[in-house]
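Participant: Below you will find the structure I want to go over with you.
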Amino acid sequence: MAELLSSIISDPNALLALAPAELGGVVLEFLNSLHPSEQKGLLNPHVFAAEFGPKGYPPEFREPITLALMEAWVWLSREGLVAPIPSDQNGWVFITRSGQRIKSADDFAAFRKAAILPTNLLHPVIAQKTWSDFLRGEYETAVFEAFKEVEVAVRDAGGFAARDLGSDLMRKAFNKDDGPIRDPALPVAEQEAQAHFFAGAIGFYKNPGSHRHVVITEPAVAARLLMLASQLLFTVDEQKP
């Protein structure tokens, strides 16, 4: 017989305090820990949430736990971690290939981090250089590397020397009069704004990491900065000579 969910989260109040995504991760780890013969009979959100999941908890918690588990199943389905069995009309599902890879809390944490950062929107160079650091939680390194790639790309595209660095490099590259990466089709005010934008981004997000420890603790913050660096790098690609 399969181990009960209550053996993993014994306190019903602790279960109910979890957000759907957090509880979904617990449910998926639990299911992946079971033998296939035990798992098979539980891969139905209605069976699991209404019949199996609340077992082991006091009766007064049955209804709220049932509702919380259904919320968790909805989240698992929305994230593509479980999917309906095509030939079945009674709500039975299977654990997808993505879901099968989540066997521990660390696996689930990595999945949540990856979901925050839409790699399909990142510049390919930044995705290659920063993805592993981001998943390991080394956000400062990922952000520094991303903006370093912007600096390198601007230097190469503009034909500048290795001694040309940081914000000064950006202002030379996008200078409204003779910057090799400027877009002369833009109004002068926008050309100047673009030079300020690149100089500010490099000066604020890349240069500090060259001189002191910069602490980034939130994956969402790091993800936004990687997206910003990607936009800068795409702009360089579009405007380089």
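Participant: Yes or no: the range 80-98 includes at least one residue that is buried (at least 20 other Cβ atoms within 10 Å of the Cβ) and either part of a loop (DSSP other than H, G, I, E, B) or touching a His at 6+ places or on another chain (Cβ under 9 Å) (or both).
Facilitator: For the range 80-98, residues buried (at least 20 other Cβ atoms within 10 Å of the Cβ) and either part of a loop (DSSP other than H, G, I, E, B) or touching a His at 6+ places or on another chain (Cβ under 9 Å) (or both): present.
The rows are residues; the columns are (1) in the same structural domain as Ile202 (by TED's automatic domain parsing); (2) assigned to a helix (DSSP H, G or I); (3) within 15 Å of the chain's Cα centre (by Cα); (4) at pLDDT 90 or above.
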residue: Gln128; (1), (2), (3), (4): yes, yes, yes, yes
residue: Gly137; (1), (2), (3), (4): yes, no, yes, no
residue: Ala142; (1), (2), (3), (4): yes, yes, yes, yes
residue: Phe160; (1), (2), (3), (4): yes, no, no, yes
residue: Ser167; (1), (2), (3), (4): yes, yes, no, yes
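Participant: Hey, any hits in the range 25-34 for a residue that's in a helix (DSSP H, G or I) and more than 28 Å from the chain's Cα centre (by Cα)? Walk me through how you get there before you give the answer.
Facilitator: In the first step, residues of the range 25-34 are kept if they are in a helix (DSSP H, G or I); the result is 25-32.
Subsequent filtering for residues that are more than 28 Å from the chain's Cα centre (by Cα) retains none.
Scanning the range 25-34, I find no residue that is in a helix (DSSP H, G or I) and more than 28 Å from the chain's Cα centre (by Cα), so the answer is no.
Participant: Let me ask something else about it. Could you pull out the residue among Trp92, Trp73 that is farther than 20 Å from Phe108 by Cβ and not β-branched (Val, Ile, Thr)?
Facilitator: Working: Trp73 fails: farther than 20 Å from Phe108 by Cβ.
When all the criteria are applied, what remains is Trp92.
For every residue, the table says whether it meets (1) free of Cβ contacts under 8 Å to residues at least 40 places away in the same chain; (2) of a type in the set (Ser, Thr, Tyr).
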position: Gly80; (1), (2): yes, no
position: Ala83; (1), (2): yes, no
position: Asp106; (1), (2): yes, no
position: Leu135; (1), (2): yes, no
position: Thr141; (1), (2): yes, yes
position: Phe147; (1), (2): no, no
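Participant: Among the residues of the range 176-203, write down those that are among the acidic types (Asp, Glu) and outside any loop (DSSP other than H, G, I, E, B). Let's see the steps before the verdict.
Facilitator: Restricting attention to the range 176-203, the residues satisfying the condition of being among the acidic types (Asp, Glu) are 177-178, 183, 190, 192.
Passing the criteria: Glu190, Glu192.
Participant: Of the residues that sit in the range 134-157 and are aliphatic (A, V, I, L, M) and within 18 Å of Ala109 (Cβ to Cβ), which one is surrounded by the most Cβ atoms within 10 Å (Cβ to Cβ)?
Facilitator: Looking at residues that are aliphatic (A, V, I, L, M) and within 18 Å of Ala109 (Cβ to Cβ), I get Ala142.
Participant: When you scan the range 40-57, how many residues do you find that are in a helix (DSSP H, G or I) and either at pLDDT below 90 or over 21 Å from Asp107 (Cβ atoms) (or both)? Don't jump to the end; show me each part of the working.
Facilitator: Within the range 40-57, the first condition is being in a helix (DSSP H, G or I), and the residues that meet it are 40, 45-52.
Then keep just the ones that are either at pLDDT below 90 or over 21 Å from Asp107 (Cβ atoms) (or both); that gives 40, 45-47, 49-52.
The number of residues fulfilling the criteria is 8.
Participant: Keeping to the range 224-240, report how many residues are of a type in the set (A, V, I, L, M) and closer than 13 Å to Glu151 by Cα.
Facilitator: 4
Participant: Would you mind finding the one in Val125, Val154, Val188 that is of a type outside the set (Ser, Thr, Tyr) and closer than 14 Å to Leu228 by Cα? Walk me through how you get there before you give the answer.
Facilitator: Working: Val154 fails: closer than 14 Å to Leu228 by Cα; Val188 fails: closer than 14 Å to Leu228 by Cα.
Within the list Val125, Val154, Val188, the selection yields Val125.
Participant: Against the definition (free of Cβ contacts under 8 Å to residues at least 60 places away in the same chain and either in a helix (DSSP H, G or I) or touching a Pro at 6+ places or on another chain (Cβ under 7 Å) (or both)), how does Arg155 come out, yes or no?
Facilitator: On the way: free of Cβ contacts under 8 Å to residues at least 60 places away in the same chain: yes; either in a helix (DSSP H, G or I) or touching a Pro at 6+ places or on another chain (Cβ under 7 Å) (or both): yes.
When the stated conditions are applied, Arg155 passes them.
The values are calculated or read from the model by the stated rules, or taken from the named source; none is laboratory data. Keep in mind the model is a prediction, meaning the values are calculated, not measured. Neighbour counts run over all protein chains shown; Cβ positions are idealised from the backbone, glycine included.
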